[in-house]
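Working notes for the structure below.
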Amino acid sequence: MSTAEFAGRRVIITGGASGIGAAVAKRLVSHGAYVYLLDVNATGVESTATAFGDQAGFGVCNVTSEDDFIRVFKEVRGEGIIDGLVCCAGCPDLPVPAENYSLDNFNRVIDSHLNGTFIACRTVGASMIEDGGGAIVNIASVLSFNSGPVMGYAAAKAAIVNLTSSFAVQWAARNVRVNAVAPGWTDTPFLKPKERNGERDFTPIKQATPLGRLLSPSEIAEVIAFLLSPKSSAIVGTTVACDGGVIAGAGWPPYGGIPA
């Protein structure tokens, strides 16, 4: 694969300070792209962008604020046409029994994942239409298709699948492709420090994943890069499961579990 695969391309990545967002940035930069990273973590996003030298810029932005996002986007767009958008921003959620799950927390999570994705897609997508086209990739989840105790997160990710297809159908004829990726359990900062220190048993997760392991952000980034590239030119409104087989294996537990 040529290192110039994304030469001349400019891509905005929300949630770009760490995790999947940072992995996408690394993948794109290594193949010639200029990336602009947005995150609420001012120190983290500056550090990540600085590591890419003159192939990256950054902005401190809360994607749940339309005014804030538009302000930053105008600055970025003033420097050149935007060819790609990857919506990775989102806050963590905690497993809480339904009767104890507060409306405030539900709204917080929905706002971060769903509303933030909507604001970014609508703002950048409208600019892409004016500029002749582009590609957008949203981050869904395996919980888009199967419920879980993180109710706000699962609801937001399910809605992102539908939102992605809606944008995709409306914009395809105007040369703006919109797709999504649904990761499984991935080794990102969403996993708390105590989990990284071995205080959490990941056996149930590994048993639910046919690959038998956590995924790496770089594996998700490869799929996102493909969806941003001309190689996926016929893929429109699709959510690609990049989950190690979690969705495919959902029906196996009643029959003794996933084969080792």
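Here the accessible area is traced with a 1.4 Å probe on the protein chains. For segment 1-154, carbon and sulfur cover 55 percent of it. Across the chain, the relative contact order, built from alpha-carbon pairs under 8 Å that are at least six residues apart, equals 18 percent. Of (i) 26.0, 95; (ii) 18.0, 57; (iii) 24.9, 88, which one was derived for Rg and Dmax of the Cα atoms in Å from the structure shown? Matching the structure shown: (ii). Rounded to the nearest 10 square angstrom, LEU114 shows an accessible area of 40 square angstrom against a 1.4 Å probe. Karplus-based coupling profile of segment 12-27, in residue order and whole Hz: 8, 10, 7, x, x, 6, 7, x, 4, x, 5, 5, 5, 4, 4, 4, with θ = phi - 60° in 6.51 cos²θ - 1.76 cosθ + 1.60 and x standing for Gly or Pro.
Our Cα-only numbers for segment 1-51 put the radius of gyration and Dmax at 10.6, 34 Å. The loop-placed GluC sites (Glu not before Pro) in segment 145-254, going by DSSP, that have at most 14 neighbouring Cβ atoms within 10 Å of their Cβ come out as GLU199. Using just its DSSP H runs of length 4 or more, each adding -39500 (n - 2.57), the chain gives a mean residue ellipticity at 222 nm of -11500 deg cm²/dmol after division by all residues.
Distance between the 7 Å Cα→Cβ label points at ILE129 and ASN105: 3.8 nm.
The calculated FRET efficiency for the pair ALA172 and GLN207, based on their C-beta separation and a Förster distance of 30 Å, comes to about 0.15. Annotation for segment 159-176 versus segment 1-61: alpha-carbon center distance of 24 Å.
What is the log10 of I(q)/I(0) for segment 147-260, computed with the Debye formula using one identical point scatterer on each Cα and no solvent, at q = 0.20 Å⁻¹? Summing over Cα pairs of segment 147-260 leads to -1.19.
Each of GLY15, GLN207, LEU85 was placed along the dipole of the chain (beta-carbon charges, centred on the mean Cα), and the one lying farthest toward the positive end is GLN207. Looking at the chain, the accessible area is 46 square angstrom per residue; that uses a 1.4 Å probe and ignores ligands, DNA and RNA.
Here the scattering of segment 1-136 is modelled by Debye summation over its C-alpha atoms, one equal scatterer each and no solvent; at q = 0.12, 0.14, 0.19 Å⁻¹ the log10 of I(q)/I(0) is -0.47, -0.62, -1.04. Note on ILE247 and SER65: their simple-model spin labels are 3.5 nm apart, each label 7 Å out from Cα toward Cβ.
May I ask you to compute the full-extension gain from TYR255 to ALA42, defined as 0.36 nm times their residue separation minus their alpha-carbon distance, rounded to one decimal in nm? Please list the in-between numbers first.
On the way: separation 213, 0.36 × 213 = 76.68 nm, distance 4.81 nm.
Answer, rounded to one decimal: 71.9 nm.
In this structure the amide hydrogen of THR186, modeled in the peptide plane, comes within under 5 Å of the amide hydrogens of LEU215, none closer than 5 places in sequence on its chain.
The values are calculated or read from the model by the stated rules, or taken from the named source; none is laboratory data. Small disclaimer: the values here were computed from a predicted structure and weren't measured. Every residue, glycine as well, gets a Cβ built from its backbone with ideal geometry; the counts of neighbours run over all protein chains shown. Accessible surface areas use protein heavy atoms only, side chains included; no ligands, DNA or RNA. Shrake-Rupley method; radii C 1.70, N 1.55, O 1.52, S 1.80 Å.
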